[in-house]
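Notes follow the structure.
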Amino acid sequence: MDFKTLVPGAGGAAAVAADALVVVVAGDAVPAALPKALATACQQAVDAGDFELKAGRTAWLTGVAGVKAPRVVFTHAADASAAAFRKAVAAGLALIKGTGTVQLAVASAGAAEPDAASAEALVAAVAEATYIYRATKPSAAPAGKLKGVTLLVGKAQADAAETGLKQGQAIAAGVHLARECANRPGNVCTPTYLAQEAKKLAKAPRIKVEVLERKDCEKLGMGSFLSVAQGSDEPLKFIVLRYSGAAKTAAPVVLVGKGITFDTGGISLKPGAEMDEMKYDMGGAASVLGTFKALADLQPAINVVGLIPATENMPSGKAVKPGDVVTSMSGQTIEILNTDAEGRLILCDALTYAERFKPAAVVDIATLTGACVIALGHHRSGLFSPDDALAAELLAAGDKGQDPAWRMPTDAEYDEGLKSHYADMANIGGRAGGAITAAMFLKRYTGKFLWAHLDIAGTAWKSGAAKGATGRPVPLLTHFLLSRAAARAAGR
Ligand code: BES
Ligand code: MN
Ligand code: ZN
């Protein structure tokens, strides 16, 4: 898809050549900013009862007098925010779908100014509307005809909008990669597959990748990660990505992504219903790969390390059993009371491994707990961090990327449930506050750096009719890194 901005000449949006024109409006009156021909058509649609000036409403018109584009869609945004703009554009695109539209122009009147944020939102909406999974479904619908999208902007916003389109496309490419990985079934997207995808990313400038094998992990003493992998016949991989955009001396941000390519629960076997969705249990890993894709495109001045412990969690004669005690890379011992709480078991060794990079901050991303889905549903990811400043940074990045998170507590009291008779800790607390005890488990491995944890169990994929990976939280992570790079450049 080709995205560009255009400052319309005399006649405004009405005079722009395109196969379709989507006009985002807001407020309860026909916006004064509309060129006359569009204002008249909009008012007629309202008067005829075909278009209500209410959020979510759309109108489809053809052959509007005085408008160059043969198709016009009015779509109403709830307010002037970029988030409302995105929703309104998505509703407009739904009407365009299946038409002969090749070149689309998008204008805003009374809704969000076409600036950086709304330009990024536009790209996200178009990417979302045009994504089709085909990897294992060759019969999927063919791609639509849409080839180019032009955002109509005011002269003053042209540069900002251009930047927004560029960032939006890099983030959309990252989201796309994350979705493509996570949507692939467990027999395709194996640990080996994730390692291959990481190696592909290393073709971009400033990116290097190294893949540790089982033997390497044994040497490192990753007893906890290894215990999860021991029940699987698929070879494990521990993937190390590096993006070097800043001076060697600049401390990197480390992203750690949970890479369980299928989670059966292990000996603590999960019930059968919807177990197929546990192919998405590598959503954290996918988001790290996706974020590196965005870094490859944007080349910001920052150093980033990506760590992906990747394995299946399977039951077998060799699988780890409830009650088994393992020694993590940190030296702390763990009594595995439930083999289905495997995410924390692979992440803890990756967190210990992160120490060697002397990180500026470590953020882990994991489809970690069903309890987080119960707590927050599917809109916001769970954010855990003992550090207020880091938490605020990540929340702001989520808002900016329209990929929101919500902060959860990390009080010491929540750690108490992890006590074990036979080891330094158990791998589960009680049922109550399950997302928090999982975070508290991870916290025990993060004493040497600033740390945050994102539980994306509710946001990494959708179930039901719209089933599929979302690519979240690539937008949040990318904005976090871009803001850090900008702050560094500004000497903050
Ligand atoms: N991958 C799951 C978490 C999950 C479950 C995400 C359902 C999304 C939907 C994780 O490995 C897991 O099984 N967690 C257990 C932990 C429990 C055994 C303490 C859970 O949430 O039930
Ligand atoms: Mn599990
Ligand atoms: Zn899992």
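Things to note:
- Remark: pairs (first residue in region 281-310, within 11 Å of Cys181 (Cβ to Cβ) and polar (S, T, N, Q); second residue open to solvent by 10 Å² or more (accessible area, probe 1.4 Å) and not in a strand (DSSP E or B); Cβ separation under 8 Å; 6+ apart in sequence or on different chains) = Ser287/Arg472.
- Any hit, region 337-351, residues being away from ligand 3 (no atom under 16 Å from the Cβ), open to solvent by 10 Å² or more (accessible area, probe 1.4 Å) and either touching a Ser or Thr at 6+ places or on another chain (Cβ under 8 Å) or farther than 16 Å from Gly231 by Cβ (or both): no
- All positions within region 429-446 that are within 15 Å of ligand 2 (Cβ to nearest atom), in a loop (DSSP other than H, G, I, E, B) and buried (at least 24 other Cβ atoms within 10 Å of the Cβ): none
- The helices (runs of 4 or more DSSP H) located wholly in region 142-230 that include 1 or more residues which are more than 20 Å from the chain's Cα centre (by Cα) and among the charged types (D, E, K, R) occupy 158-183, 191-201, 214-220.
- Condition met for Phe262 (buried (at least 22 other Cβ atoms within 10 Å of the Cβ), over 22 Å from the mean Cα position of the chain (by Cα), within 16 Å of ligand 1 (Cβ to nearest atom) and in the same structural domain as Ile308 (by TED's automatic domain parsing)): no
- Residue ID - farthest from Gln157 (Cα to Cα), chosen from residues in region 7-37 that are charged (D, E, K, R) and free of Cβ contacts under 8 Å to residues at least 60 places away in the same chain: Asp28
- For region 321-338, the set of residues classified as within 14 Å of ligand 2 (Cβ to nearest atom) and touching a strand residue (DSSP E or B) at 6+ places or on another chain (Cβ under 7 Å) consists of Ile336, Leu337, listed by residue number.
- Test: residue in region 140-156 that is in the same structural domain as Gly100 (by TED's automatic domain parsing), open to solvent by less than 40 Å² (accessible area, probe 1.4 Å) and over 28 Å from Gly110 (Cα atoms): yes
- Which listed residue, of Ala90, Ala65, Ala78, is open to solvent by 50 Å² or more (accessible area, probe 1.4 Å) and within 20 Å of Gln402 (Cβ to Cβ): Ala78
- Qualifying position, being assigned to a loop (DSSP other than H, G, I, E, B), surrounded by fewer than 16 Cβ atoms within 10 Å (Cβ to Cβ) and touching a helix residue (DSSP H, G or I) at 6+ places or on another chain (Cβ under 9 Å), among Ala246, Ala250: Ala250
- Condition check for Ala426: out of contact with any strand residue (DSSP E or B) (no Cβ under 7 Å at 6 or more places or on another chain), at negative phi and either open to solvent by 40 Å² or more (accessible area, probe 1.4 Å) or of a type in the set (Gly, Ala, Ser) (or both): no
- Complete set of residues in region 286-322 that are within 16 Å of ligand 1 (Cβ to nearest atom) and either touching a helix residue (DSSP H, G or I) at 6+ places or on another chain (Cβ under 6 Å) or part of a strand (DSSP E or B) (or both): Ala286, Ser287, Ile308, Pro309, Ala310, Thr311, Glu312, Asn313, Val320
- Residue satisfying condition, being assigned by TED's automatic domain parsing to the domain that holds Thr367 and outside any helix (DSSP H, G or I), within set Gly417, Gly458, Gly491, Gly398: Gly458
The values are calculated or read from the model by the stated rules, or taken from the named source; none is laboratory data. Remember, predicted model here, so these are calculated numbers, not experimental data. Counting neighbours? That spans all protein chains shown, and the Cβs are built from the backbone with ideal geometry, glycine included. Just so you know, the surface numbers come from the protein's heavy atoms only, side chains and all, with ligands and any DNA or RNA stripped out. Shrake-Rupley method; radii C 1.70, N 1.55, O 1.52, S 1.80 Å.
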